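Take a look at the structure below.
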Amino acid sequence: MANPVIEVKNLTKKFNGFTAVDSINFEVDEGCVFGLLGPNGAGKTTTISMLSTLLRPTSGTALINGHDVQKDPAAVRRSIGIVFQDPSSDDILTGRENLLLHCLLFDVPNAEIGPRIKWALELVDLTEWKDALLKKYSGGMRRRLELARGLLHKPRILFLDEPTLGLDPQARENIWVHIENLVKVEKVSIILTTHYMEEADRLCDRVAIIDHGKIIVSGTPTELKTGIPEPKRPPEVLKATLHDVFLYYTGKQLRESGDTAEGGFMQKVMNFTKKNR
Amino acid sequence: MRELKGLLGLWYRELLVFWREKSRIVSSLFSPILWLVVFGGGMGTVSHVEGVNYQTFLFPGILCMSVLFSSIFFGLYIVWDKRIDFFKEVLVAPLSRVTIFTGKMLGGTTDSLIQGAILLSLGLFFGIHYSIFSVVAAMLILFLLSAALVSLGLMIGALIDSLEGFNLFVSFLIFPMFFFSGALFPLENLPGWLKFFTFIDPVTYAVDAMRGILLHLNRFPLGLDFLILGAFALFFISAGTWAFRKLK
Ligand SMILES: Nc1ncnc2c1ncn2[C@@H]1O[C@H](COP(=O)(O)OP(=O)(O)OP(=O)(O)O)[C@@H](O)[C@H]1O
Ligand SMILES: [Mg+2]
């Protein structure tokens, strides 16, 4: 197994003195799904932007498929696919045109372009919508199209930044099954960020919890769940979930910054969960 | 091969966008026609320049003006693109920045040429007589002019992050380029120090060549116009490519 396709060493990003990502280290083995969890503003998207060559790291290194993101960004781009957190499809084109454009930009072999577009549309259940302008798609439909688009060129490494954000349960289930297949059958390696703990639990081989730009803890979901005190709850829900892990490690910081509106709300949630332990 | 395919993809996208925003063509023809009909028509009743009616004299200049405006303002799209995340999808593609620049540049040049061609055909109403040679040569001049100016616009767009900033900067550039090009009057009688500006203005050579091709009223040899315009185009294409390299 010890065959890392992503190696991140002391990776740091500062924006005018503000440290968004603070000297993080991790590795992802081939055919594994690595989850990056963390509260809003933790530095997940910034990390992915650096790994996908869109942002230049302030210091540290990252090797993707053996290529340095700073020294050989072109080789990195040939190895990766990415689904961005924010909408990144072109509204003025139709669904099919967006996919076709992706095939041309990412050099999908000509003979395969037609079949792959058909396959991608079926995967996310948008065949009927293929000729509608993207402007007319709902948010979730757009998301599904972008997901399918990220898979079109069959990258070895995939970055999924909150891939199932805003999807309905059926669509989410479809995507999960597909991600599992990609990993099992095609040995694709994935970095995934998400705020859905059940998603991380189901898909990820390893998880890192990141907050204020630092990795606080990492391990397999099982390791993490057994690594915290058992929550005191009725026996049928006794076992700790990844959700408990997340709150256990990130809750402290939230309480410190309790002056923000979000912090105040989260604090109430935390107090509530504490009472029930 | 990979780069060529990417280039075609980008170009194809620009053409689709242009096609879906067809109404822009109508609005882009409005101001040149106003110049020709109102300004050219009005002045034409009182003046002749170099033996032709003023309106006819004006036509090649306004043709170049319309390409000047539409080409440079194409750079606004890149400012816009940088704000929407679709551009990230293009930037993570395994394509060189040169290819991404060229795709945009060809897109903008095609837009300007389509507008230019429509306007050129309207010359029939303004006393212009065409031959196959003159149409081909005129389109070639418009191509070189718009390749140069679209590149200039894209370069500015790549370096500036706000739409307002782009507009401000470009209006400081575009009006002098228009007035010093001789689009509105013969440049002979300008005082020496003003004449200097006409020589460093790429549009001057396009206007001169266009007047030569359509009315046989060129000041410089046609070959020289082509050469200088081609040099400007190469220079701005290189500058634009450089600016795109700096885009992350
Ligand atoms: N271009 C930028 N300039 C300045 N600060 C930035 C920039 N991009 C991100 N940041 C800051 O860096 C921090 C990390 O942002 P990032 O987008 O990586 O968070 P995230 O973990 O993806 O959050 P979310 O869950 O909300 O998507 C935030 O505090 C953000 O304000
Ligand atoms: Mg994010």
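The values are calculated or read from the model by the stated rules, or taken from the named source; none is laboratory data. What you see is a predicted model; the values in this text were computed from it and never measured. Backbone-built Cβ (ideal geometry, glycine too); neighbour counts: all protein chains shown. Quick note on the areas: whole protein, heavy atoms, side chains included, nothing else; ligands and nucleic acids left out. Shrake-Rupley method; radii C 1.70, N 1.55, O 1.52, S 1.80 Å.
Going through region B:5-23 one residue at a time, which ones are in contact (Cβ under 8 Å) with a residue 12 or more places away in the chain and more than 7 Å from every other protein chain (Cβ to nearest Cβ)?
B:7, B:10, B:11, B:14, B:15, B:18
For region B:169-180, does any single residue satisfy the condition of being assigned to a helix (DSSP H, G or I), in contact with a Pro (Cβ under 9 Å, 6 or more places away or on another chain), away from chain A (no Cβ under 14 Å) and surrounded by 15 or more Cβ atoms within 10 Å (Cβ to Cβ)?
Keep residues of region B:169-180 that are assigned to a helix (DSSP H, G or I), which gives B:169-179.
Next cut, in contact with a Pro (Cβ under 9 Å, 6 or more places away or on another chain) only: B:177.
If we keep only those that are away from chain A (no Cβ under 14 Å) too, we end up with B:177.
From what's left, surrounded by 15 or more Cβ atoms within 10 Å (Cβ to Cβ): B:177.
The answer is yes, given that some residue of region B:169-180 is assigned to a helix (DSSP H, G or I), in contact with a Pro (Cβ under 9 Å, 6 or more places away or on another chain), away from chain A (no Cβ under 14 Å) and surrounded by 15 or more Cβ atoms within 10 Å (Cβ to Cβ).
Pairs under 6 Å by beta carbon, first residue more than 24 Å from residue A:110 (Cβ to Cβ) and in contact (Cβ under 8 Å) with a residue 24 or more places away in the chain in region A:146-162, partner open to solvent by 10 Å² or more (accessible area, probe 1.4 Å) and within 15 Å of ligand 2 (Cβ to nearest atom), six or more apart or different chains?
A:159/A:82; A:161/A:45; A:161/A:84; A:161/A:85; A:162/A:85
Across region A:46-61, which residue is nearest to ligand 1 (Cβ to nearest atom) among those that are out of contact with any strand residue (DSSP E or B) (no Cβ under 6 Å at 6 or more places or on another chain) and of a type in the set (Ser, Thr, Tyr)?
A:49
Among (1) open to solvent by 20 Å² or more (accessible area, probe 1.4 Å); (2) modelled with pLDDT of 95 or more; (3) closer than 17 Å to residue B:8 by Cβ, which single condition is residue A:103 missing?
(1)
Scan A:38, A:17 and give me the residue that is within 16 Å of ligand 1 (Cβ to nearest atom), at pLDDT below 95 and open to solvent by 50 Å² or more (accessible area, probe 1.4 Å). Spell out how you get there, then give the answer.
On the way: A:38 fails: open to solvent by 50 Å² or more (accessible area, probe 1.4 Å).
Unique residue meeting the criteria: A:17.
Looking at region A:28-47 only, could you name the residues that are more than 9 Å from ligand 2 (Cβ to nearest atom), hydrophobic (A, V, I, L, M, F, W, C) and part of a loop (DSSP other than H, G, I, E, B)?
Passing the criteria: only A:32.
Is it the case that residue A:55 is at negative phi, more than 14 Å from chain B (Cβ to nearest Cβ) and touching a Lys or Arg at 6+ places or on another chain (Cβ under 9 Å)?
Considered against the rule, which asks whether it is at negative phi, more than 14 Å from chain B (Cβ to nearest Cβ) and touching a Lys or Arg at 6+ places or on another chain (Cβ under 9 Å), residue A:55 comes out as no.
Might you check whether a residue that is more than 13 Å from every other protein chain (Cβ to nearest Cβ), under 24 Å from residue A:52 (Cα atoms) and within 16 Å of ligand 1 (Cβ to nearest atom) occurs anywhere in region A:141-152?
no
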